[in-house]
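Beneath this line is the structure, given in structure tokens, with notes to follow.
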Amino acid sequence: MRPTKADLEAARDRVIPDIVPPEGGVLICGINPGLYSGATGHHFARPGNRFWPALHRSGFTDRLLSPAEQGLLPSYGLGITNLAPRTTARADELTAGELREGGLRLAAFVEEHRPAYLAVAGVTAYRTAFANPKAQIGEQDEMCGPAKLWILPNPSGLNASWTLDKISAEFARLRAAAPGTP
């Protein structure tokens, strides 16, 4: 059932629990949950978000999962977290300080759970969170603790410069490089 306008507004500032990847897997990090995700309790839940289709098209999953099936991700070698945990209507409601704090939290999460890859979905947020203004989409030279670092395009429908095909292709490049996924 789709959340109502009141449900969406009530979801502001909620936190969605992380999906922890298996050690050696891939941790995908969004910018922060939107109100739709906050209302449903599922990552990348808004209809029109291209995360779940890109995950499937890239070969990370053997079928198109729904956001409600996010608990299956560890069986595919995957997990999900966010730079900023609180839900907002738009990512631009976050402060630079929140993103930098999220970068520190993310580094600690990676140290604790030890994925082989950390994939941050959103290059602009990554640049702010990690003080790397020249970062580009793709595999990075630097690491985040024990994890190789990859920057993915933001799969939000608001990121119109990236089509589903282009997003899926970048996810597929990560998939080909990631040893801990089926």
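The values are calculated or read from the model by the stated rules, or taken from the named source; none is laboratory data. What you see is a predicted model; the values in this text were computed from it and never measured. All Cβ positions, even for glycine, are placed from backbone atoms using ideal geometry, and neighbour counts span all protein chains on display.
Descriptive notes on the structure:
- Counting only residues that are farther than 21 Å from Thr40 by Cα and in contact with a helix residue (DSSP H, G or I) (Cβ under 8 Å, 6 or more places away or on another chain), the stretch 63-118 holds 9 of them.
- Cβ pairs under 9 Å, 6+ apart, first in the stretch 144-164 and in contact (Cβ under 8 Å) with a residue 60 or more places away in the chain and over 21 Å from Ala89 (Cβ atoms), second of a type in the set (Lys, Arg) and crowded, with 21+ Cβ neighbours inside 10 Å: Leu164/Arg50
- Residues that are within 17 Å of Pro115 (Cα to Cα) and among the polar types (S, T, N, Q), drawn from the stretch 138-182: Gln140, Thr181
- Any chance Arg63 is touching a residue at least 40 places away in the same chain (Cβ under 8 Å) and among the charged types (D, E, K, R): no
- Within the stretch 1-50, restricting attention to residues that are of a type in the set (S, T, N, Q) and at pLDDT 95 or above, the residue that is nearest to Leu99 (Cα to Cα) is Asn32.
- Apart from one condition, Arg2 fits all of (1) surrounded by fewer than 23 Cβ atoms within 10 Å (Cβ to Cβ); (2) touching a helix residue (DSSP H, G or I) at 6+ places or on another chain (Cβ under 7 Å); the exception is (2).
- Helices (runs of 4 or more DSSP H) within the stretch 22-141 that include 1 or more residues of a type in the set (S, T, N, Q) and on the phi < 0 side of the Ramachandran plot: 35-40, 123-129
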